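Worksheet: the structure to be examined is printed underneath.
The values are calculated or read from the model by the stated rules, or taken from the named source; none is laboratory data. From a predicted model like this one, the values you see are computed outputs, not experimental measurements. Using ideal geometry, Cβ is built from the backbone for each residue, glycine included, and neighbour counts are taken over all protein chains shown. The area values use the complete protein model at the heavy-atom level, side chains included, leaving out ligands, DNA and RNA. Shrake-Rupley method; radii C 1.70, N 1.55, O 1.52, S 1.80 Å.
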Amino acid sequence: MTWERLNILAMTHDALCHELGDRYGRGTYHASAIFKELYVDLNGAVDRTPAVVASRGLSEALRRDLWFEPGTMVQEQCQDGITKFVIRLHDGETVESVVLPMVTHQTVCVSSQVGCRMGCRFCETAKAGLRRNLTADEIVGQVWMARRRYGRHVRNVVFMGMGEPFDNIDNVLQAIRVMNDQRGLDIAQRYITVSTVGLVPGIERLAASKMSHLRLAVSLNASNDLIRSELMPINRVYSMAALHRSLAAYPMKKKQTLMVAYVLIPGLNDRPEHVRELAAYLNPLPVKVNLIPFNPGTGAPFRAPEEEEVKRFCNALVAQRVQVQQRTTKGRDLMAACGQLGSRYASERANGQNRV
């Protein structure tokens, strides 16, 4: 009989128990030992786990059947406490991830695709187009690699790296199940944020997934359809009105808020009338606006706002009784700030090397 490879980083503890039983007549004891080796000791050589070695034939079977390919960290850059790392995957593609320091923990910003097909004009990743989706184990592998490299204080996960998570929703949801498993990485749903450009079917799918403690973030970036359609082609398919309806219907826990990202671009979406339109659009949704100064990438079509321009827009939102948080720009020189990941692919496309 020919077995499919045992894709360990894409499996929950229960799934591994089932596979060990079906394949080798083993069960919970060995699955727990393997998970401890992999996620607590952060050692990928699970075939050498003592409990596995002591079980006749199991170590050899796992060496034959196991698929464990988190990739290889090929680049690491640090600035202002922020670290961007690049992982080369088994097929030679690379993804970029970022570790962000917080007061009590660290957050890892993960990618869900190699490239992206959403085409947002302010985003570096969009310049590459979509190369391929990441598999669930490649997504989990970024978190596993971050925790192994930077320590167990890597506790929060944000899907704000390369790609649109809801354009790869099956793999993203499976990766979240694996991360959330208490016997594995043990990352609580409330510490996981999924960000979207506004793919309404994905928001509806997440709403129906029974992962009610996950945090949802929406990249809005405009106060009306005209500007949003210019910045984000997805708005021509799912208008702001359709997006608003999906957000209003999204199941929220008590005191839970939606995160709304607003990339501030001088002269385009930062006028007084935009403040009023944005406040009216967000009312009465339970939201917090994450105000992000535009971070220029390669051949950027816009300029970065001055600090005074950001403060003025922020204060105007507060005056409209909008809860707002002004994002401090860090990692810009590393091309690790919001909207800057994937500069390598943008360069390749400029040189005619991009794959579709």
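Under 1.5 on a/c is rounded, so check that first for the range 64-164, then, if it is not, pick prolate when a/b is larger than b/c and oblate when it is not; a ≥ b ≥ c are the square roots of the alpha carbon gyration tensor eigenvalues.
Because a/c hits 1.5 or more and a/b fails to exceed b/c, the range 64-164 counts as oblate.
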Open item on the list: Could you sort the peptides 250-256, 97-103, 299-305, 196-202 by per-residue average Cβ neighbour count (10 Å cutoff), highest mean leading?
Closed with: 196-202, 97-103, 299-305, 250-256
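I want the local charge near Asn171. Using Cβ-Cβ distances under 14 Å, sum +1 for each Lys or Arg and -1 for each Asp or Glu among the other residues.
-2
Give, in nm to one decimal, the length gained when the segment between Lys36 and Arg5 is fully stretched (0.36 nm per residue of separation minus the Cα-Cα distance).
Length difference between fully extended and current span is 9.1 nm.
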Open item on the list: Residue by residue through the range 268-278, what is 3J(HN,Hα) from phi via Karplus (6.51 cos²θ - 1.76 cosθ + 1.60, θ = phi - 60°)? Round to whole Hz and write x for glycine and proline.
Closed with: 10, 9, 10, 8, x, 5, 5, 4, 5, 5, 5
Open item on the list: What distance in nm lies between label points placed 7 Å from Cα along the C-beta direction at Gln323 and Gln75?
Closed with: 3.8 nm
Task: Helix-only [θ]222 nm of the chain, DSSP H runs n ≥ 4, -39500 (n - 2.57) each, per residue, nearest 500 - done: -9500 deg cm²/dmol
- [ ] May I ask you to derive the FRET efficiency for Lys254 and Ala188 from their Cβ-Cβ distance with R0 = 22 Å, giving the value to the nearest 0.05?
- [x] 0.85
TODO: Could you work out how far helix 13-24 tilts from the main Cα principal axis of the chain, as a 0 to 90 degree angle to the nearest 10?
DONE: 30 degrees
Open item on the list: Taking 0.36 nm per residue of sequence separation and subtracting the Cα-Cα distance, how much length would be gained by fully extending the chain between Asp65 and His153, in nm to one decimal?
Closed with: 28.5 nm
- [ ] Report, in debye and to the nearest 20, how large the dipole of the chain comes out about its Cα centre when Lys and Arg carry +1 and Asp and Glu carry -1 on their Cβ.
- [x] 620 debye
Task: Anisotropy class of the range 55-108 from Cα gyration tensor, a/c 1.5 cut - done: oblate
Task: the range 202-212 - phi-based ³J(HN,Hα) in whole Hz, Karplus 6.51/-1.76/1.60, Gly and Pro as x - done: x, 4, 5, 5, 5, 4, 8, 7, 6, 9, 6
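Could you rank the peptides 148-160, 203-215, 109-121 by their average count of other C-beta atoms within 10 Å per residue, with the highest value first?
Numbers: 148-160: 18.2, 203-215: 15.4, 109-121: 23.4.
Order by mean packing, descending: 109-121, 148-160, 203-215.
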- [ ] Go through (i) 39; (ii) 33; (iii) 44 and flag the label whose value is the computed percent of Cα pairs over 32 Å apart for this structure.
- [x] (ii)
- [ ] Name the residue farthest towards the positive end of the dipole of the chain from the options Ala319, Tyr262, Ala188, assuming +1 on Cβ of Lys and Arg, -1 on Cβ of Asp and Glu, about the Cα centre.
- [x] Ala319
TODO: Determine the per residue accessible area of the range 61-203 with all protein chains present and a 1.4 angstrom probe, expressed in square angstrom.
DONE: 36 Å²
Open item on the list: Would the range 177-234 count as rounded, prolate or oblate if I go by the C-alpha gyration tensor, calling it rounded below 1.5 in a/c and otherwise prolate when a/b exceeds b/c, oblate otherwise?
Closed with: prolate
Open item on the list: Treating only the Cβ of Lys, Arg, Asp and Glu as charged (+1, +1, -1, -1), what charge dipole size does the range 105-213 show about its Cα centre? Round to the nearest 20 debye.
Closed with: 280 debye
Open item on the list: Under 5 Å between amide hydrogens, which residues at least 5 positions from Met160 or on another chain qualify, with H placed 1.01 Å from N in the peptide plane?
Closed with: Val110
Task: With every protein chain in place, the range 1-120: carbon and sulfur % of accessible area (1.4 Å) - done: 50 percent
- [ ] Give Lys127/Lys255; Lys84/Lys210; Lys127/Lys210; Lys84/Lys255; Lys84/Lys127 a once-over and call out the pairs whose C-alpha atoms are over 29 Å from each other.
- [x] Lys127/Lys255; Lys84/Lys210; Lys127/Lys210; Lys84/Lys255
Task: Net charge dipole size for the range 97-153 [Lys, Arg +1 and Asp, Glu -1 on Cβ; Debye, nearest 20] - done: 80 debye
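Determine the sum of side-chain charges near Trp144: Lys and Arg each +1, Asp and Glu each -1, restricted to other residues whose C-beta is under 13 angstrom from that of Trp144.
After counting each charged neighbour, the total is -3.
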TODO: Would you mind calculating the gained length between Arg121 and Asn283 on full extension (0.36 nm times residue separation, minus the Cα-Cα distance), in nm to one decimal?
DONE: 55.7 nm
